[in-house]
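Everything below concerns the one structure shown next.
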Amino acid sequence: MWTEKDNKLIQEFKFSDFQEAFAFMTRVAFLAEAHSHHPNWSNVYNTVTIELTTHDAGNVVTEKDRKLAAAIDSLGYAG
């Protein structure tokens, strides 16, 4: 579930291992490119943390972030 904190939409995703986490990141990368909107994210072993904010709007949450979050959710991974 995405939470809004400090002008960011944030969600943490956990996977069974690094390979699954990286595969998820690859899928998200294609979505991000299609939306012309690129996340701040990190990966530590089986955990991917994604932060969405719109840099062009002054680093606040906009509809662009909400659309990418919904697209990421459509991949079917629970956070």
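The values are calculated or read from the model by the stated rules, or taken from the named source; none is laboratory data. All figures in this text were calculated on a predicted structure; none of them were measured in a lab. In this analysis, Cβ positions are derived from the backbone assuming ideal geometry, glycine residues included, and neighbour counts consider all displayed protein chains. Protein only, heavy atoms only, side chains kept; ligands, DNA and RNA dropped before computing areas. Shrake-Rupley method; radii C 1.70, N 1.55, O 1.52, S 1.80 Å.
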Q: State the number of residues belonging to region 22-45 that are closer than 14 Å to residue 72 by Cβ and open to solvent by 80 Å² or more (accessible area, probe 1.4 Å).
A: 6
Q. Only one of (1) more than 15 Å from residue 73 (Cα to Cα); (2) surrounded by 18 or more Cβ atoms within 10 Å (Cβ to Cβ) fails for residue 19. Which number is that?
A. (2)
Q: Considering only region 46-73, state which residues are among the small types (Gly, Ala, Ser) and either modelled with pLDDT of 95 or more or open to solvent by less than 30 Å² (accessible area, probe 1.4 Å) (or both).
A: 69, 70, 71
Q: Six or more apart or on different chains, Cβ under 6 Å: which pairs go from a residue in region 28-45 that's closer than 17 Å to residue 9 by Cα to one that's in a strand (DSSP E or B) and open to solvent by 40 Å² or more (accessible area, probe 1.4 Å)? Could you list them?
A: 40/51
Q) Is there a residue being touching a residue at least 40 places away in the same chain (Cβ under 8 Å) and small (Gly, Ala, Ser) anywhere in region 54-66? A) no
